[in-house]
Amino acid sequence: MEKQKLEPYQVALDLKISEKSDFNSFVAGNNAGTVQLLKNAIIKKEHEFYYLFGPHGSGKSHLLNALFQLPEANGKCFFIDMNLVKTIGPFVLDVNLPEITIIDNVDVIAGDENFELALFGLFNRWYDSRNGVLIMSGSCSFDYIPFLKKDLTTRLSSGVICSLDFLDEQSCVEALQKRTVEKAFNLPASTASFLVHHCNRDIRSLVKILDELDKLQIEHYHKLTIPFVKKVLSIQ
């Protein structure tokens, strides 16, 4: 959206407070059943495989990071985001598996034969050990991931399949307000509701908008009222 130019009154420093992806900032909303299922898996550490999928912006990576930070996972968990390591090499998956293993975004390595073989080998080592819990995730159902190695698709289908949906409007409002508490600025519920209603329910996109609004309210000494938000985001 094209934003209208406003006369700045002061310059906002380009500093961002790091956001903790834990359960303090996570809102389960209509995904409460899936969240509790995976929490229980971490707590019990039973020998079970879970495949979690959800579209970008549904909170999938936030949830997995929050699971990693549970006290029960402390020092007993191997966590890796394939988005961050796919340029390093498949050797990152050649590890001795602890009681809990969490691998986010496995779909991004589809088509890379060496990475697929490494992921397949990791799964087989976990299966043979009969110990602990394995959680993998992707942005779509396992049968839509274009793996070269079809045995890998079979492996992903062999466990408990669970999914995340976009949050409903009220849950999105709650999630945005939790973010603003972390960032130490005020976002009225009415303004948060306006944003969700006129933008979308993709939390990742909404947080980016929130970052921009945080900067603009500092630059223009203005509270995040609905008229102000409408003006700077050019919302009719």
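In this structure, the pairs whose alpha-carbon distance is over 24 Å, taken from LYS60/LYS231; LYS45/LYS149; LYS44/LYS76; LYS44/LYS150; LYS86/LYS178, are LYS60/LYS231; LYS45/LYS149; LYS44/LYS150; LYS86/LYS178. All alpha carbon pair distances within segment 14-105 were sorted into 5 Å bins beginning at 0; the resulting P(r) in whole percents reads 2, 11, 22, 24, 20, 13, 5, 2, 0, 0. Between the helical axis of 189-198 and the longest alpha-carbon principal axis of the chain there is an angle of about 70 degrees. From most to least packed by mean Cβ count within 10 Å, the peptides 120-132, 26-38 give 26-38, 120-132.
Across segment 77-90, computed HN-Hα scalar couplings (Karplus, 6.51 cos²θ - 1.76 cosθ + 1.60, θ = phi - 60°) run 10, 9, 10, 8, 9, 5, 4, 8, 10, 5, 8, 7, x, x Hz from first to last residue, x flagging Gly and Pro. Using R0 = 25 Å, the C-beta based FRET efficiency linking ARG204 and THR87 works out to 0.70.
What whole-number value in Å² describes the accessible area per residue of the chain for a 1.4 Å probe? Accessible area per residue: 52 Å².
Cβ-Cβ distance of SER234 and VAL181, R₀ of 25 Å, FRET efficiency by 1/(1 + (r/R0)^6): the value works out to about 0.35. The convex hull drawn around the Cα atoms of segment 113-236, when projected onto a plane and averaged over every direction, covers 11.0 nm². Pick from ASP104, ASP151, ASP165: which residue has the top mean-square fluctuation in a GNM of the chain where Cα pairs under 10 Å get a spring? For the chain, modelled as a Gaussian network with Cα springs under 10 Å, the answer is ASP151.
Listed peptides 203-210, 173-180 appear in the order 173-180, 203-210 once ranked by packing, highest mean of other Cβ atoms within 10 Å at the front.
Cα centroids of segment 33-110 and segment 182-232: how far apart, whole angstrom? So the two Cα centres are separated by 31 Å. Each principal axis of the Cα cloud of segment 132-177 was evaluated for its coordinate range; sorted largest first, these ranges are 43, 28, 13 Å.
The values are calculated or read from the model by the stated rules, or taken from the named source; none is laboratory data. In this text, all values refer to a predicted model and were calculated from it rather than measured experimentally. Glycine also receives a Cβ, built like all others from the backbone with ideal geometry; neighbour counts cover every protein chain displayed. The protein model used for the area step is the full one, side chains on, heavy atoms only, and it has no ligands, DNA or RNA in it. Shrake-Rupley method; radii C 1.70, N 1.55, O 1.52, S 1.80 Å.
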